[in-house]
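Remarks on the structure that follows.
The values are calculated or read from the model by the stated rules, or taken from the named source; none is laboratory data. Computed from a prediction, not measured in an experiment: that's the story for all the values here. With ideal geometry, Cβ positions are generated from the backbone for all residues, glycine too; neighbour counts draw on all protein chains shown. With ligands, DNA and RNA removed, areas are computed over all heavy atoms of the protein, side chains included. Shrake-Rupley method; radii C 1.70, N 1.55, O 1.52, S 1.80 Å.
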Amino acid sequence: MTKPIYVLNGPNLNRLGTREPEIYGRTTLAEVEAMCREAVPGQPLEFRQSNREYELIEWVHEAIDKGAGIIINPAAFTFTSIAILDSLKMFPGPIIELHISNIHRREPIYHRSYVSPVATAVIAGLGTNGYAVAVRAMRDLIS
Ligand code: CA2
């Protein structure tokens, strides 16, 4: 049985498409999920979003037991969460850190990611299209 790719989304991303369209675009998270599924037909995906740090950690633990790869947009937790970093360190497969915007073009508080040191690859600045790029790249990494 093909193991799923976990696509995990952090706080506020449930509001995607509804504010700051000049930075994040007008695509909703539901549309992003549909785009991901279209990009890798037949590949199981666990596409999830939470505003709670503990839930994201629980899902990383679930991925450790059941997942082939993790794509994570930790949103603001990118810059704060040693707990998420620690959970990702336990994952044996590939990890792609994903940001819709180019975090390095933004204010200095968005420049230091705790996740990047454990990521196989980082995608930032491709808009929501970055998710389709990420799932295709992950499928190649795990096949
Ligand atoms: O560009 C990204 O994907 C981010 O991870 C989004 C985070 C932000 O804190 C990171 O610096 C970059 C979350 C942005 C706030 O959430 C929004 C959700 C919907 C629309 C606008 C903002």
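First select every other residue whose beta carbon is under 11 angstrom from the beta carbon of T78; then total the charges, Lys and Arg +1, Asp and Glu -1. Numbers along the way, then the final one.
On the way: positive: R112; negative: E97.
Here the count lands on 0.
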(message) I want to check the label-to-label distance for H111 and M1. Put each point 7 Å from Cα in the C-beta direction and report it in nm to one decimal.
(response) 4.7
(request) Scan around I72 for amide H atoms under 5 Å from its own, H built in the peptide plane at 1.01 Å from N, and keep only partners 5 or more places away or cross-chain. (result) L8, I96, E97, L98
(request) For an R0 of 25 angstrom, estimate the FRET efficiency from the Cβ-Cβ distance between I23 and R48 and round to the nearest 0.05. (result) 0.65
(request) May I ask for the net charge around P4, where only other residues with Cβ less than 9 Å from the Cβ of P4 are counted and Lys, Arg are +1 while Asp, Glu are -1? (result) +1
(request) Quick one: which residues, 5 or more positions from A124 or on another chain, have an amide H under 5 Å from its amide H? H modelled 1.01 Å from N in the peptide plane, none for Pro or chain starts. (result) H99
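Taking a probe of 1.4 Å, how large is the accessible area per residue of the stretch 5-142, in Å²? Spell out each step's value before the answer.
Details: 6730 Å² over 138 residues.
With all protein chains present, the stretch 5-142 gives 49 Å² per residue.
Roughly how many percent of the accessible protein surface of the stretch 5-142 is carbon and sulfur, given a 1.4 Å probe and a whole-percent answer? If you can, show how the numbers build up before the last one.
On the way: 3340 of 6730 Å².
Whole-percent figure for carbon plus sulfur exposure: 50.
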